[in-house]
Amino acid sequence: MSEKTIFQKIVDREIPAPLVYEDDLVAAFNDIAPQAPIHVLIVPKKVIPRVGEAEAEDQATLGALLLAAGKIAEKLGVKDRSKGFRLVINHGRDGGETVPHLHVHLLAGRDLTWPPG
Ligand code: 5GP
């Protein structure tokens, strides 16, 4: 069995990190190096290395990640269209993935430019 990722250690409460949100399938916590005033990472409790490696049996977990994003956005006061937020999933080297445990970045609190870098 490969070594646990930092995110798995947070989910398993081996590393302390205040959770912004938690349900049966996912947990969320603040990014250690925020790229916006709000930068939350939403991770599945099941280890899925990256989004392209999710399987049919992970459908509920993938849905739970997006549903959690909406709940977190509401909790943090950015769900209204007059504010808003961005979700990012990085897959692999060119995508900018650095932690091999699927995670959704929720970014908000500033005018997020497009196209992204
Ligand atoms: P990726 O580049 O894989 O899409 O995103 C990984 C994210 O995890 C980065 O934004 C990075 O700042 C964040 N990160 C890395 N190590 C830790 C950590 O120990 N705790 C927290 N909360 N975030 C981390």
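Sort all Cα-Cα distances of the range 52-117 into consecutive 10 angstrom bins from zero, then give the percent of pairs in each bin up to the one containing the longest distance.
In whole percents, the pair-distance histogram is 18, 44, 33, 5.
Show which aspartates and glutamates lie in cross-link reach of LYS79 when reach means a straight Cα distance below 13 angstrom and same-chain residues fewer than eight apart are skipped.
none
Would you calculate the volume per residue, in Å³, of the smallest convex hull containing every Cα atom of the range 1-86?
So the per-residue Cα hull volume is 119 Å³.
Counting only protein heavy atoms and a 1.4 Å probe, tell me what percentage of the chain's accessible area is made up of carbon and sulfur.
55
When we measure straight from the Cα of LYS83, which lysines land under 28 angstrom away, once same-chain ones fewer than 8 places off are left out?
LYS71, LYS75
Among residues other than ASP23 whose Cβ falls under 12 Å from its Cβ, what is the net charge (Lys/Arg +1, Asp/Glu -1)?
Here the charged neighbours net out to 0.
Tell me what the chain gives for mean residue ellipticity at 222 nm when only DSSP H runs of n ≥ 4 count, each as -39,500 (n - 2.57), the sum divided by the residue total, rounded to 500 deg cm²/dmol.
-6500 deg cm²/dmol
The values are calculated or read from the model by the stated rules, or taken from the named source; none is laboratory data. All values derive from a computational prediction rather than experimental measurement. For neighbour counting, all protein chains shown are included, and Cβ atoms are generated from backbone atoms with ideal geometry for every residue, glycine included. The accessibility values were calculated without ligands, DNA or RNA, using every heavy atom of the protein model including side chains. Shrake-Rupley method; radii C 1.70, N 1.55, O 1.52, S 1.80 Å.
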